[in-house]
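Read the structure below first, then the notes.
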Amino acid sequence: MLNTRDSRAAGTEHGKPADAEQQKEAGREADFGELYVTYKKYAFSIAYRMLGTVADAEDVVQDCFADLQHRERSGIENIRAYIAKSITNRCLNLLQSASVRRETYVGEWLPEPVSELYDGPEAVAERKDTLTFAFLVLLEKLSPVERAVFVLREAYQYEYETIAGMIGKTESNCRQIFSRVKRTLQAAPAAEALTTAPEQARRGLLQRFTAAFTSHDVSGMLALLTEQPVLVADGGGQDVHTILRPMIGRKGVLALLTSHRVLSRMRSWEAAIEQVNGEPNLVYRYQGEVKGVLCLALNRSGEQIQSFYLIMGPEKLGHILPAPAD
């Protein structure tokens with residue numbers, strides 16, 4: 001074995017192979033750094049749609065790039081598809097264990113809302129309506145494999161042949177899975193999540209809702225509800241006392257939203273219309289601290305509210321931006 005001095009001497013005598021190797025490694029690191037900057041946001045956008053939580057999505061992205069950093073990349077023909085496959089399979093594994101954890105969750109489990117989602121040059125092809133909170137809730141009804149097929153096809157327009165290679169299914173099987181999921185979701189009461197209303201109309205409806213909610217206005221609230229609205233609340237398991245079971249139907253939802261006892265604290269919090277999951281929703285703060293987020297799914301006309309998703313668990317509110325400065 002050569003000592004340090006011998007190694008330096010050998011490097012000088014034989015054309016400085018040590019320096020050449022260092023330059024090669026530096027080049028690899030520079031290439032990887034560019035790869036990371038280019039695709040990190042794209043990778044996160046897939047992981048977040050698959051998992052519904054920011055921390056888990058970030059962990060998956062870090063694992064993916066840590067593996068990629070030490071892998072020989074010269075043989076990878078399509079790096080974008082390779083990253084999508086790596087992220088998807090890591091998410092599939094994580095969803096299997098997540099389903100067990102959620103079985104013991106107290107109350108309803110809802111995805112984690114975000115004020116902004118990572119975006120970048122490799123995310124230009126994704127469908128922005130697949131980021132809405134209501135869409136993420138619909139995905140929770142799917143099995144992990146169904147979720148993967150639907151997200152990759154619906155949000156990123158991957159070909160069935162490519163999806164099949166990513167998840168280890170046949171192209172025909174992926175087509176069948178996507179068609180079945182599409183039919184199932186379109187028949188669901190919350191299918192309006194697959195469409196989005198114009199932003200200005202949505203903001204106007206949110207203003208009307210806030211006014212009716214704050215003043216316990218029964219007739220004003222009634223005009224905003226569809227025939228069969230749904231209200232779901234997530235208090236973070238055991239962190240915040242809230243409504244444990246979904247309320248379904250006009251009578252029950254109306255009673256909750258106009259009650260002088262239920263959700264009374266929310267009326268003392270400051271409500272602001274802000275971009276959450278790519279569209280205007282309501283953020284509630286008390287003395288500057290985010291206390292809750294209310295995401296709405298509207299009917300197809302955009303004139304009434306089909307679903308209310310109230311997130312109050314503190315651990316799920318960490319990625320809502322601070323209140324804008326006056």
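The values are calculated or read from the model by the stated rules, or taken from the named source; none is laboratory data. The shown structure was predicted, so the numbers you read here are calculated from the model rather than taken from an experiment. So basically every Cβ, Gly included, is an ideal-geometry build from the backbone, and we count neighbours across all protein chains shown. In case anyone asks, the SASA skips ligands and DNA or RNA and just uses the protein heavy atoms, side chains included. Shrake-Rupley method; radii C 1.70, N 1.55, O 1.52, S 1.80 Å.
Annotations for the structure displayed:
- Considering Ala187, Ala193, Ala197, the condition of being closer than 20 Å to Gly249 by Cα, touching an Asp or Glu at 6+ places or on another chain (Cβ under 9 Å) and at pLDDT below 95 is satisfied by Ala193 alone.
- Selection from segment 226-262 of residues that are open to solvent by less than 30 Å² (accessible area, probe 1.4 Å) and free of Cβ contacts under 8 Å to residues at least 24 places away in the same chain: Gly249, Gly252
- Taken over segment 45-100, the residue count meeting the criterion of being of a type in the set (Gly, Ala, Ser) and either open to solvent by 10 Å² or more (accessible area, probe 1.4 Å) or on the phi > 0 side of the Ramachandran plot (or both) is 9.
- Some residue of segment 266-278 being open to solvent by less than 60 Å² (accessible area, probe 1.4 Å), touching a residue at least 60 places away in the same chain (Cβ under 8 Å), touching a helix residue (DSSP H, G or I) at 6+ places or on another chain (Cβ under 9 Å) and among the acidic types (Asp, Glu): no
Residue-by-condition table, conditions (1) in contact (Cβ under 8 Å) with a residue 24 or more places away in the chain; (2) open to solvent by 20 Å² or more (accessible area, probe 1.4 Å):
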position	(1), (2)
Val283	yes, no
Tyr286	no, yes
Ile311	yes, no
Glu315	yes, yes
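- Scope segment 144-176; condition open to solvent by 50 Å² or more (accessible area, probe 1.4 Å) and outside any helix (DSSP H, G or I); matching residues: Gln157, Glu159, Gly168, Lys169, Thr170
- Selected residue [under 12 Å from Arg49 (Cβ atoms) and out of contact with any strand residue (DSSP E or B) (no Cβ under 6 Å at 6 or more places or on another chain)] from Glu154, Glu159, Glu171: Glu154
- Search result, residues across segment 50-72 that are β-branched (Val, Ile, Thr) and either under 22 Å from Leu35 (Cβ atoms) or assigned to a helix (DSSP H, G or I) (or both): Val54, Val60, Val61
- Filter result (open to solvent by less than 40 Å² (accessible area, probe 1.4 Å) and either modelled with pLDDT of 60 or more or in contact with an Asp or Glu (Cβ under 7 Å, 6 or more places away or on another chain) (or both)) within segment 105-122: Gly107, Leu110, Pro111, Glu112, Pro113, Val114, Ser115, Leu117
- If you go through segment 123-182 and pick out every residue that is aromatic (Phe, Trp, Tyr), touching an Asp or Glu at 6+ places or on another chain (Cβ under 9 Å) and touching a residue at least 24 places away in the same chain (Cβ under 8 Å), you end up with 4.
- Condition check for Val290: in contact with a strand residue (DSSP E or B) (Cβ under 7 Å, 6 or more places away or on another chain), open to solvent by less than 10 Å² (accessible area, probe 1.4 Å) and not small (Gly, Ala, Ser): no
- Qualifying residue in segment 317-325 (condition: open to solvent by 70 Å² or more (accessible area, probe 1.4 Å) and more than 30 Å from Arg127 (Cβ to Cβ)): yes
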